[in-house]
Amino acid sequence: MPIRMTCKCGKRLSAPDEAAGHLVKCPACAEIVSVPIHAAEALAALGGHEGISAPKPPPTRPFMLEVVLAFFCPLTFRGIVTLVLGAFIYTVLSFIGLGFLTFLTHVFAVGFLLAYFLNMVQTAAGGQRKLPELPDFLDAYQEILKPLFWMLGVNLFAGLPHLVYVLWTLHTGREPDPAVFPILGIWSALYFPMATMAVAIWRNVTAVSPHVVIPAFLRIPGQAALLSVMFYLILLGMWYALPNTAAFAQRTGLGTFMTIYLTVIVSFYFLCVLARVIGITHWIYRKEIGWFGKT
């Protein structure tokens, strides 16, 4: 069944199911239109349809209260089990391997983490209050490798100043200044949350495009700035914690594996909170963001 949507100019458009999440050009006005992911999204844009439910309405609670509650979402029994198990899988994958196998396990470890992060964003954006299931390794391509590819696109755009700076230092033969990276991280903090939101909603790497992300940021600048601050603080914490795990392990006597495991659990927790807030932001402000029209 084709997906139907309406352009801003009023022209009714249709696209095949496999175009869900892609961008198409309106033949009438040349405006770029996003093809909704779910039939419910498209039907909601057209006024709904009997027998098919539209997305859940936004919560009646204030946005900042939802942000505070997001810090408690991973602390349920299911959330704690998910954090402990997910962090254990990530840590084990980071440790095992030999030669090229080490590279593959690290790819799966990062893909596992990023896939779950996207799933948390999408789940919260749909109005669900429970944490999603962990990615399925039996369907590694769909569950892990594709989300990894999408998030590589997000990190490419978000980390573009870092890449340019490193290339510049290589070209000029200068040593990179560590003090510059936190400054460049401001751009990453501004771009990453909204780009992640777009990829999680559309499930397509084309959503990282600046013409999609930047207008959405400007439509909800206060809420987007809050996401940026949260991400920047998490980024600074990880920049500090991860390089110092060996020293911390030596001081505490916990061992390298256990120290990294505990660090990953804490990192997972704050990433869960961030993903929850990113998803809630779209859930509450989807009309203002306008990716699927004013619905």
**Message:** Just checking, does region 91-110 include any residue being closer than 13 Å to Tyr269 by Cα and either buried (at least 20 other Cβ atoms within 10 Å of the Cβ) or basic (Lys, Arg) (or both)?
**Reply:** no
**Fill in**
Screening Thr281, Thr245 for residues that are touching a Pro at 6+ places or on another chain (Cβ under 9 Å), in the same structural domain as Ile80 (by TED's automatic domain parsing), touching a residue at least 12 places away in the same chain (Cβ under 8 Å) and part of a helix (DSSP H, G or I) leaves only Thr281
**Fill in**
Among residues of region 109-137 being of a type in the set (Gly, Ala, Ser) and assigned to a helix (DSSP H, G or I), the residue modelled with the lowest pLDDT is Ala109
**Message:** Given the criteria at pLDDT 90 or above, surrounded by 19 or more Cβ atoms within 10 Å (Cβ to Cβ) and farther than 15 Å from Phe117 by Cα, does Val229 qualify?
**Reply:** no
**Request:** Check Pro193 against each of (1) within 24 Å of Gly127 (Cα to Cα); (2) touching a Phe, Trp or Tyr at 6+ places or on another chain (Cβ under 8 Å); (3) surrounded by fewer than 23 Cβ atoms within 10 Å (Cβ to Cβ); (4) not aliphatic (A, V, I, L, M) and name the one condition it does not meet.
**Result:** (3)
**Candidate set from region 144-183 (those that are surrounded by 12 or more Cβ atoms within 10 Å (Cβ to Cβ) and of a type in the set (S, T, N, Q)); member that is farthest from Val107 (Cα to Cα)** = Thr169
**Item:** Checking His106 against (1) at pLDDT 80 or above; (2) farther than 19 Å from Thr281 by Cβ, the condition it does not meet
**Value:** (1)
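The values are calculated or read from the model by the stated rules, or taken from the named source; none is laboratory data. Because the structure is predicted, anything quoted here is derived from the model rather than measured. Because the Cβ atoms are built from the backbone with ideal geometry, glycine has one as well, and the counts that use them run over all protein chains shown.
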